[in-house]
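Take a look at the structure below.
The values are calculated or read from the model by the stated rules, or taken from the named source; none is laboratory data. A quick note: this is a predicted structure, and the numbers were derived from the prediction, not measured. Positions of Cβ are backbone-derived with ideal geometry, glycine not excepted, and every protein chain shown enters the neighbour counts.
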Amino acid sequence: MIQNAICCLFAALLVVACSPSEELEHSTTTEEVPTENPICFNHSLLVLDSATYFAAVNSEFLHEFAFAEERQLEGYKGFYLFGQTNYIELFHPNSFEGNVEAVGGMWVCHASLKAHHLEQLNRTTDDCIDFESDELFQYYSLVLNDSVEPIISAWEMQPDFYESWTKKSYHDSLVFLPVDYNSPADTDSAAHYVMKDVSGIGLSVTPADSAKVVTYLQEIGYTSATAVNGQRRMSNNDQFIELQVSDSHHAPTINCFYIELNQTVEPANEVIGHSKLVCERDQAIWYFGLE
């Protein structure tokens, strides 16, 4: 429910968010991004316990750290932290009207940076890969445990939606910019804060799910694997997913965000509900699920 609602409502938000003045703010550059990583991280969702959610919304530290806003949209309310090319969405169990979400519920969404790239990916690997499309996006998703909800997805804008949203022409050899998927106003505002971008995500996965998660990540470009502090870290050279295999959670969840900073900062440890944001030099790690 949570991912389906966000996909539909987020897409609707993009369509209506572009006022005449904002249309002029879209980049018209023809600069191409490196094509060795044709899929990049775009945003993620995480459901927090209510105490941690409200602590985050009211944290002066977070509002100085990042361009952060609580937003009421049609059918749900969430807390957003924006980087320059990607962002974080946080919710509490009752954020969605008519639904109660489980604490730890999550979705990680990537963006395709090459036209028709998702169509070329392997769709027959095991029974956990789902490929579908609507009038706005194509989706290449990892679905686990007979759930209808994806755990990780990559999406790619359809031609008509790309042209209406970016005000740029679509062609079959198009190379998207990472910011093409985001609000120009949010991206511009984020540039004035300490938080630059999410560079990595820590995922807790069960032993039964770990092989499927690895297979999916390899399919979308996370082909380099190293061991870091006893965890398997999979990288596409620009970003990484770190897997903690554990029976503590019955479903995958996000245990931390690795965040690249715009500037060097003094060491800081900020407790936010049952989470902790640790900053040092030009990096930060935000840990979740602490007792």
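General remarks:
- If you go through segment 82-135 and keep only what is part of a loop (DSSP other than H, G, I, E, B), in contact (Cβ under 8 Å) with a residue 40 or more places away in the chain and polar (S, T, N, Q), you end up with 84, 85, 86, 94, 95, 99, 122, 125.
- Here 156, 149 are screened, and the one residue that is modelled with pLDDT under 95 and within 24 Å of residue 88 (Cα to Cα) is 149.
- Of all residues in segment 191-249, those being closer than 29 Å to residue 61 by Cβ, assigned to a loop (DSSP other than H, G, I, E, B) and within 16 Å of the chain's Cα centre (by Cα) number 2.
- Candidates 183, 189, 210, 199 - the one that is in contact (Cβ under 8 Å) with a residue 60 or more places away in the chain, touching a strand residue (DSSP E or B) at 6+ places or on another chain (Cβ under 6 Å), crowded, with 17+ Cβ neighbours inside 10 Å and among the small types (Gly, Ala, Ser): 199
- Within segment 72-84, if we keep just the residues that are touching a Leu at 6+ places or on another chain (Cβ under 9 Å), surrounded by fewer than 21 Cβ atoms within 10 Å (Cβ to Cβ) and not acidic (Asp, Glu), the residue that is farthest from residue 41 (Cα to Cα) turns out to be 75.
- Filter result for residue 180 (at pLDDT 95 or above and either part of a helix (DSSP H, G or I) or under 25 Å from residue 142 (Cα atoms) (or both)): yes
- Residues satisfying the stated conditions in segment 250-259, i.e. part of a loop (DSSP other than H, G, I, E, B) and under 16 Å from the mean Cα position of the chain (by Cα): 252
- In this structure, residue 64 does not satisfy being touching a Pro at 6+ places or on another chain (Cβ under 7 Å), among the acidic types (Asp, Glu), under 26 Å from residue 256 (Cβ atoms) and not in a strand (DSSP E or B).
- Residue 175, sole failed condition from (1) touching a Ser or Thr at 6+ places or on another chain (Cβ under 8 Å); (2) crowded, with 18+ Cβ neighbours inside 10 Å; (3) of a type in the set (Val, Ile, Thr): (2)
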